[in-house]
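The values are calculated or read from the model by the stated rules, or taken from the named source; none is laboratory data. Just so it is clear, the model here is predicted, and its values are computed rather than measured. So basically every Cβ, Gly included, is an ideal-geometry build from the backbone, and we count neighbours across all protein chains shown.
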């Protein structure tokens, strides 16, 4: 039995995830939560969103509004369904980050750039203010994640010579 003041002798204590990597995980979970919020809001307010978009589009005279509405309805679903797949990918990437896998680090940087660009593009489309606000929040999280990923401590943790993932596979 150990006393509370005794030093820990856990062999995994030295291999714990550094704080900067834990911050990356928190930011990824925040981005995932914002994506889920966005998908939920788009589902709940689907009719209002379609009305808003139709009212703000420059449609030529004689356009079939019912057909345009159905086309937009499918585009709403195409934005909502990938959230579940992204959630699974994020869980896999989070595990890779915690293991120090360089591949996971590179993928997080790539995903952050894609989220930043994708969320930025939605600001130029006719969407209501609440949808824009969530996308701005997603952009801020992506910028924070890119900033954190560029820090020397983070880059050092995921350096090619610092193979945490290989060290964990082969016990001493």
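Does residue 155 satisfy the criteria of being at pLDDT 80 or above, more than 28 Å from residue 43 (Cβ to Cβ) and buried (at least 16 other Cβ atoms within 10 Å of the Cβ)? Here the answer is no, as residue 155 does not meet what is asked.
Please go through segment 24-40 and give me each residue that is touching a residue at least 40 places away in the same chain (Cβ under 8 Å) and surrounded by fewer than 16 Cβ atoms within 10 Å (Cβ to Cβ), ordered by number. It would help to see each step written out before you state the result.
Taking segment 24-40 as the starting set, the residues that turn out to be touching a residue at least 40 places away in the same chain (Cβ under 8 Å) are 24-25, 27-32, 34-39.
Correct list: 29, 36, 37.
The residue of segment 71-127 that is surrounded by the most Cβ atoms within 10 Å (Cβ to Cβ), among those that are modelled with pLDDT under 85 and farther than 16 Å from residue 35 by Cβ, is 72.
Per this entry, residue 38 is counted among residues that are within 19 Å of residue 126 (Cβ to Cβ), at pLDDT 85 or above and not in a loop (DSSP other than H, G, I, E, B).
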